Amino acid sequence: MANILILGAGRVGSSVAEQLVHERYNVTLVDENPANLKPLQDKLDLRTVVGHATSPVTLEAAGVRDADLLLAVTPSDELNLVACKIAQQLYNVPTRLARIRNQDLLTHDALLGDAGFGVDHVITPAQIVTDYLAALVRTPEALQVLDFAGGRAQLVVVRVDENAAMAGKRLGQLDELLPDIDRRIVGIYRRNRYIYPDGDTPLEVGDEVFALAARKHIRAVIGALHGEKRRVRRITIAGGGNVGYRLAAELAGEAQIKLIETNRARAAWLAEALPGVLVLAGEATDEALLETEQIERADLYLALTSDDEDNIMSGLLAKQMGAKKVIAIINRSRYVGLLQGSRIDVAISPAQATIGSLLAFVRQGDIVAAHSLRRGTAEALEIVAHGSRSTSRIVGRSVAELRLPAGIYFAAVVRGDEVLILHHDTVIAADDHVIVFIDNKRRIREVEQMFAVKLGFF
């Protein structure tokens with residue numbers, strides 16, 4: 001069982017710790033503030049150590065000598081870098097990840113490698129969340145959009161609309177609508193309950209459907225499940241922090257964007273930094289401001305401030321005043337399930353969006369990508385199959401031979417540049433990137449064991 005040392009008990013650190021404890025990893029969490037550690041210690045089976053992230057005394061007390069993975073996610077870039085260097089040079093920790101906010105540091109690879117601060121992988125939560133949001137803006141019909149194999153394959157989560165061609169039909173009838181498009185429905189959630197998809201499964205309005213296909217086919221699949229294609233021409237963003245700024249900068253050439261920022265000095269800076277964006281100094285919860293700026297014409301309203309209450313209230317207000325779709329960042333993960341699908345169309349936990357970037361390093365095996373789904377209850381993995389029929393449980397066998405347990409779904413393989421949707425007679429080859437959907441994270445270990453290679457391979 002892997003020993004994981006997490007430095008920093010903020011939102012990211014505590015969320016990752018909770019996730020890993022539920023998966024029965026040995027987790028130790030370090031923070032300078034005892035108040036950050038006590039609630040986690042009371043509810044989770046983990047070790048906590050009060051101390052400084054760059055103190056060798058603290059690190060040794062936290063078991064750094066036995067750590068398989070160090071995750072440095074304190075609020076300070078400098079602390080995270082130094083902690084990784086200490087873990088590398090003094091304790092030879094095998095894998096070291098650091099949270100870095102300052103983009104300038106990321107432009108100099110020599111600073112981060114073994115000869116520098118000894119960072120194996122950098123996590124930039126603001127950029128991860130920005131990329132997540134940008135994918136949703138560009139695919140407005142979806143609740144979630146996940147890339148695999150460098151974007152060659154995509155998994156989308158779509159809520160069945162009453163105008164959708166597939167509403168009220170059996171899943172098998174999708175073949176009639178999309179006769180020349182190979183795709184795989186890997187899961188259906190109805191009123192928060194997982195339904196195994198087969199040809200006789202009827203689709204109801206409101207079902208959340210998890211569909212995987214080659215990127216070039218994903219629009220057609222969405223069209224069959226959701227209905228008419230939406231276009232996003234007018235976007236209003238509340239919050240000009242790191243995420244709001246990055247998202248506005250990325251989308252400025254694709255839509256008309258208004259950005260609302262409370263802090264006047266920050267608003268002035270944003271106006272100068274984003275010449276193609278209309279920046280407004282004011283409160284996103286100001287009904288008069290939203291009315292003046294014709295919020296009813298907005299195709300999309302994004303509440304991206306650092307305050308959950310402001311995001312919830314401004315999102316509800318914008319929807320009531322006529323905004324067509326509302327996306328809100330909610331830092332308290334437990335609120336996300338309560339709000340999603342109400343007047344707030346999509347609620348996003350930044351910590352959950354970030355966790356996927358970390359899970360690939362925790363999982364056993366050659367995992368290229370790991371995506372957390374359904375607020376952490378399910379997961380999608382991209383795993384490289386190694387070995388041969390004699391050394392692997394996977395390679396050289398058809399999907400039918402694998403006899404996969406319920407809840408584990410092999411959806412596709414990416415072989416070179418080709419995306420192959422898996423059928424019962426498809427044989428998995430060495431070096432295939434296999435995309436696996438797991439409806440319950442308790443089954444993750446089973447998947448890892450399936451891809452384990454016998455010693456003879458080496």
Considering residues of segment 82-92 that are crowded, with 24+ Cβ neighbours inside 10 Å and of a type in the set (A, V, I, L, M) only, the residue nearest to the chain's Cα centre (by Cα): Ala83
Residues located in segment 51-76, provided they are surrounded by fewer than 17 Cβ atoms within 10 Å (Cβ to Cβ) and closer than 17 Å to Val12 by Cα: Pro75, Ser76
Neighbours by Cβ (under 8 Å, 6+ apart or cross-chain): first from segment 417-433, in a loop (DSSP other than H, G, I, E, B); second hydroxyl-bearing (Ser, Thr, Tyr) and surrounded by 17 or more Cβ atoms within 10 Å (Cβ to Cβ): Ala430/Ser392
Subset of segment 271-290 [over 20 Å from Met321 (Cα atoms), in contact with a strand residue (DSSP E or B) (Cβ under 9 Å, 6 or more places away or on another chain) and in a loop (DSSP other than H, G, I, E, B)]: Leu274, Gly276, Val277
Qualifying positions in segment 357-383 - under 9 Å from the mean Cα position of the chain (by Cα) and touching a residue at least 40 places away in the same chain (Cβ under 8 Å): Ser357, His371, Ser372, Leu373
Some residue of segment 54-69 being in a strand (DSSP E or B) and in contact with a helix residue (DSSP H, G or I) (Cβ under 9 Å, 6 or more places away or on another chain): yes
Subset of segment 8-29 (residues that are of a type in the set (Gly, Ala, Ser), assigned to a helix (DSSP H, G or I) and at pLDDT 85 or above): Gly13, Ser14, Ala17
Members of segment 3-50 that are among the small types (Gly, Ala, Ser) and buried (at least 17 other Cβ atoms within 10 Å of the Cβ): Gly8, Ala9, Gly13, Ser14, Ser15, Ala17
Matching residues, segment 403-447, being basic (Lys, Arg) and on the phi > 0 side of the Ramachandran plot: Arg403
Elements of type helices (runs of 4 or more DSSP H) in segment 160-252, at least 3 residues being farther than 30 Å from Leu404 by Cα: 242-251
Number of the exception - Arg231 against (1) in contact (Cβ under 8 Å) with a residue 40 or more places away in the chain; (2) in contact with a Lys or Arg (Cβ under 9 Å, 6 or more places away or on another chain): (2)
Qualifying positions in segment 86-107 - part of a loop (DSSP other than H, G, I, E, B) and in contact with a helix residue (DSSP H, G or I) (Cβ under 7 Å, 6 or more places away or on another chain): Leu90, Tyr91, Val93, Ile100, Arg101, Asn102
Residue that is surrounded by the fewest Cβ atoms within 10 Å (Cβ to Cβ), among those in segment 393-416 that are in contact with a strand residue (DSSP E or B) (Cβ under 9 Å, 6 or more places away or on another chain), without any contact (Cβ under 8 Å) to a residue 40 or more places away in the chain and under 22 Å from Gly151 (Cα atoms): Arg415
Residue match in segment 105-117 (condition: under 14 Å from Leu358 (Cβ atoms) and not assigned by TED's automatic domain parsing to the domain that holds Ile348): no
Filter pass, Ala268 being free of Cβ contacts under 8 Å to residues at least 40 places away in the same chain, part of a helix (DSSP H, G or I) and not basic (Lys, Arg): yes
Asp131 over 21 Å from Ala353 (Cα atoms) and either among the hydroxyl-bearing types (Ser, Thr, Tyr) or part of a helix (DSSP H, G or I) (or both): no
Members of segment 253-265 that are in contact with a strand residue (DSSP E or B) (Cβ under 7 Å, 6 or more places away or on another chain), surrounded by fewer than 22 Cβ atoms within 10 Å (Cβ to Cβ) and either not in a loop (DSSP other than H, G, I, E, B) or not assigned by TED's automatic domain parsing to the domain that holds Ile330 (or both): Gln256, Lys258, Arg264
Answer from Ile188, Ile195 - the residue that is at pLDDT below 90, assigned by TED's automatic domain parsing to the domain that holds Arg219 and among the aliphatic types (A, V, I, L, M): Ile195
Segment 291-324: number of residues that are β-branched (Val, Ile, Thr), in contact (Cβ under 8 Å) with a residue 40 or more places away in the chain and not in a loop (DSSP other than H, G, I, E, B): 1
Qualifying residue in segment 357-380 (condition: modelled with pLDDT of 90 or more and either in a strand (DSSP E or B) or closer than 13 Å to Glu448 by Cα (or both)): yes
In segment 434-454, residue farthest from Ser388 (Cα to Cα) [restricted to those that are crowded, with 18+ Cβ neighbours inside 10 Å, touching a residue at least 60 places away in the same chain (Cβ under 8 Å) and among the aliphatic types (A, V, I, L, M)]: Ile438
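The values are calculated or read from the model by the stated rules, or taken from the named source; none is laboratory data. All values derive from a computational prediction rather than experimental measurement. All Cβ positions, even for glycine, are placed from backbone atoms using ideal geometry, and neighbour counts span all protein chains on display.
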